[in-house]
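> Below is one structure. I have some questions about it.
The values are calculated or read from the model by the stated rules, or taken from the named source; none is laboratory data. Quick caveat: nothing in here was measured; it's all calculated off a predicted structure. Here the Cβ positions follow ideal geometry from the backbone for every residue, glycine too, while neighbour counts run over all protein chains shown.
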Amino acid sequence: MFKQLEIEKQKRASVVLERMKSLREKHNHLENVTLLVHLKLPRSYLARAEVALNEVQTLYKKEQYPASEEKLKEVEVYLAKAENATAPVLNRYRDTNQIARWKRWATETIEESRKKTSTASSLSKPIRNCCFTKMGLVEKLSGWLGSERLVGQAASKRQCNA
C-alpha cells in the first residue's frame, strides 16, 4: 500500500514538473513577443502568470502536488488571456495587405518629406528599425527599441537642431 502511494506521488510530481516547464516555456515565448511589439495588456497577464508559476514552484518543492496542479490551472488561464490579447496584433504583422499598406505609407512619407522639405520619422517594429527623413533623405537607426513617443520627440529635436 505504501509503495503504491509513493508511486502515485512520483507520478504526480512528474506531471506537475512537466506542465510547469511547458508553461514556463510558453510564458517566456509570449514575453519575448509582447516585448517586441510593445503590448501592455498581455504583459499584465504574463506578470500574473509568472507570479503564479513561482508559487507553483514553491508548492512543488514542498511536495504539495494537488495545490500545484490547481495553481497551474490559474497559470494556464493567464497565459490564454495573454495569447488572446496578443493574437490580433501578431496577425497584423502576418497580413501581407497590411505590410504592403505600411510600406506604401513609408514611401509616401519619404516623398512628402522631399516635396515639403520637412522632417518625418517612421518605425518598423518587426525589424526594430527607426528612420528619420529630411527632405527625402533617410537616416536609419537599426536595432532601435523604444516607444513611438520617444521617436517623435527625437525627430522634433533633430528638426529643431537641423
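> Tell me which of these residue 91 doesn't satisfy, since it passes every other one: (1) at pLDDT below 90; (2) of a type outside the set (A, V, I, L, M); (3) more than 20 Å from residue 27 (Cα to Cα).
(3)
> Could you check residue 105 against (1) of a type in the set (Phe, Trp, Tyr); (2) within 30 Å of residue 10 (Cα to Cα); (3) surrounded by fewer than 19 Cβ atoms within 10 Å (Cβ to Cβ) and say which number it fails?
Among (1) of a type in the set (Phe, Trp, Tyr); (2) within 30 Å of residue 10 (Cα to Cα); (3) surrounded by fewer than 19 Cβ atoms within 10 Å (Cβ to Cβ), the lone unmet condition for residue 105 is (2).
Residue by residue, here is whether (1) touching a helix residue (DSSP H, G or I) at 6+ places or on another chain (Cβ under 6 Å); (2) charged (D, E, K, R) holds:
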position	(1), (2)
20	yes, no
44	no, no
48	yes, yes
59	yes, no
64	no, no
70	no, yes
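Table: residues versus (1) buried (at least 16 other Cβ atoms within 10 Å of the Cβ); (2) within 27 Å of residue 89 (Cβ to Cβ); (3) modelled with pLDDT of 95 or more.
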| site | (1), (2), (3) |
| --- | --- |
| 1 | no, no, no |
| 14 | no, no, no |
| 39 | yes, yes, no |
| 58 | no, no, yes |
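> Moving to a separate point now. In this structure, does residue 72 turn out to be surrounded by 17 or more Cβ atoms within 10 Å (Cβ to Cβ), within 17 Å of the chain's Cα centre (by Cα) and in the same structural domain as residue 32 (by TED's automatic domain parsing)?
Details: surrounded by 17 or more Cβ atoms within 10 Å (Cβ to Cβ): yes; within 17 Å of the chain's Cα centre (by Cα): no; in the same structural domain as residue 32 (by TED's automatic domain parsing): yes.
In short, no.
> Related question: In this structure, does residue 113 turn out to be surrounded by 12 or more Cβ atoms within 10 Å (Cβ to Cβ), free of Cβ contacts under 8 Å to residues at least 12 places away in the same chain and part of a helix (DSSP H, G or I)? Working first, answer last.
On the way: surrounded by 12 or more Cβ atoms within 10 Å (Cβ to Cβ): yes; free of Cβ contacts under 8 Å to residues at least 12 places away in the same chain: no; part of a helix (DSSP H, G or I): yes.
Spelling it out, it is not the case that residue 113 is surrounded by 12 or more Cβ atoms within 10 Å (Cβ to Cβ), free of Cβ contacts under 8 Å to residues at least 12 places away in the same chain and part of a helix (DSSP H, G or I).
> Pairs only if they're at least six apart or on different chains, beta carbon under 7 angstrom, first in segment 16-34 and under 19 Å from residue 61 (Cα atoms) and touching a residue at least 24 places away in the same chain (Cβ under 8 Å), second β-branched (Val, Ile, Thr) and part of a helix (DSSP H, G or I); list them, first residue then second.
Short answer, once both residue conditions are applied: 20/56; 23/75.
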